[in-house]
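Single-structure report; data block below.
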Amino acid sequence: MKARTWMIWAAIVLLTVLPLWLVSAPPVEPGAEAPSVFGGADERAQQAIGSIAPDYKPWFSPVVEPASGEIASLLFALQAALGAGVIGFWLGMSVTRERARRAAAQNQPPASLPQDRRAD
Amino acid sequence: MHIMEGFLPPAHALGWAAASLPFMAWGLHSVGQSLRAHPERRMLLGVAAAFAFLLSALKLPSVTGSCSHPTGVGLGALLFGPAAMVPVGFVVLLFQALLLAHGGVTTLGANVFSMAIVGPFVSYGVFRALAAFGLSRSVAVFLAACLGDLATYVTTSLQLAWAFPDPVGGIQVSFAKFAGIFALTQVPIAISEGLLTVLVVNAMARFNEHELRALPVMALRKGEGA
């Protein structure tokens, strides 16, 4: 990989990991529950709705709700795995095809190879 | 950015669904037409959809102390045009609404509008504008994906502010509140999405140069017709 690619990866990892250090949990008030950090922004929005319109009641509830937080994370992992799998398949296929194309070009004049027609 | 199930009043839920519907029809038509004319693009469209699937499942920590996720729809918008990402985003959101109780069926229209319509269209517009200025492909792709991601979260904030105006300050105060939750959290995550999109586009440029050059958006930069 090129140096620039490594730098981009490093930046992504830093952007993701740094907040974990930068943000500290707010002080726990005596008698109150410990406030949670790194909850979903969606939940914060839900709380904000509660404070703006305390009378609002959701008029519909989810059809199927994951049985627990663990099941939910399983399904999220499944979604990510599906996506990553397809991208991995494409990347592997592309690298192999590129390698085969280069090898073919080295061994024989490319015009005689039928699979090289697409590259023209 | 997923507005939770039941958290939009019925009139708003219906309104956003109605607003998304024509884009959905346009998107389906556009994808069908593109694949009929160029069946070899199926693989890249699959990659673009997989990218959205992968990224929208990753809830990343942010400097505000809460977690949010990228959308991943910018990549496909740059490759296939913004309309093509409407059905893709719809499938992702439907999957999450039905199986994960993340988002919802009643809020699907609003969520499709922010993630699958505003996001891709902003990405596409930013890319075209920057390409016209002659910026390098990486910079244009980065800013397009990054700003498209942010635009999605600003839209969500607007949608919620419209549905729940502050009793004293009205929509503006309410918008500031929701934007503080969504848009601010999203800034580092949008940057990550921009960088990831650059990586994928670079890989495509290296391994699929000929397919990529024939794609409408990328061809634009080199002054070639699709």
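Summary table below
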quantity: In Å, descending, principal axis extents of the Cα set of the protein assembly as shown; calculated: 78, 44, 43
quantity: Candidates B:Leu130, B:Leu35, B:Leu75: whichever shows maximal mean-square fluctuation once chain B is modelled as a Gaussian network with Cα springs under 10 Å; calculated: B:Leu35
quantity: Descending principal axes extents, region B:1-112, alpha-carbon based, whole Å; calculated: 43, 34, 23
quantity: Lysine pairs with alpha-carbon atoms under 27 Å apart, the protein assembly as shown, spacing 8 or more or separate chains; calculated: 4
quantity: Estimated distance in nm for a label pair at B:Leu28 and A:Ala81, the labels positioned 7 Å out from Cα along Cα-to-Cβ; calculated: 3.2 nm
quantity: Average beta carbon contacts from partner chains per residue of A:7-14, 10 Å cutoff; calculated: 4
quantity: Spatial separation of Cα centroids for region A:87-107 and region B:92-122, in angstrom; calculated: 36 Å
quantity: Diffusion coefficient, µm² s⁻¹, Stokes-Einstein with Kirkwood Rh over alpha-carbon pairs of region B:37-102 at 37 °C and 0.692 mPa s; calculated: 258 µm²/s
quantity: Neighbouring partner chain Cβ atoms per residue of B:13-19, average, 10 Å criterion; calculated: 0
quantity: Sorted by Cβ neighbour density within 10 Å, fewest at the top, the residues B:Val187, B:Val168; calculated: B:Val168, B:Val187
quantity: Solvent-free Debye scattering, log10 I(q)/I(0), computed from the Cα coordinates of region B:108-226 at q = 0.14, 0.18, 0.22 Å⁻¹; calculated: -0.65, -0.92, -1.16
quantity: GNM flexibility winner over chain B from B:Met204, B:Met85, B:Met24 (Cα, springs under 10 Å); calculated: B:Met204
quantity: Mean projection area, nm², convex hull over Cα of region B:29-70; calculated: 3.7 nm²
quantity: Average beta-carbon neighbours from other chains, 10 Å sphere, peptide A:71-83; calculated: 5
quantity: Residues A:Phe38 and A:Ser61, FRET efficiency given R0 of 25 Å [Cβ-Cβ distance, rounded to 0.05]; calculated: 0.50
quantity: Per-q log10 I(q)/I(0), region B:52-141, q = 0.15, 0.22 Å⁻¹ (Debye; single scatterer per alpha-carbon; no solvent); calculated: -0.61, -1.05
quantity: Bins of 10 Å from zero: percent of alpha-carbon pairs in chain B; calculated: 9, 34, 36, 17, 4, 0
quantity: Highest-fluctuation residue, B:Ala116, B:Ala48, B:Ala161 considered, GNM on chain B with Cα pairs under 10 Å; calculated: B:Ala161
quantity: Label-point separation in nm, B:Met43 to A:Thr96, each point 7 Å along Cα→Cβ; calculated: 1.1 nm
quantity: Chain B - mean residue ellipticity at 222 nm from DSSP helices (-39,500 (n - 2.57) per run, n ≥ 4, rounded to 500); calculated: -23500 deg cm²/dmol
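We did not get these values from a lab; they are worked out from the coordinates using the rules stated. What you see is a predicted model, and the numbers here were worked out from it, not measured in a lab. Don't worry about glycine lacking a Cβ; one is built from the backbone with ideal geometry, like all the others, and counts go over all protein chains shown.
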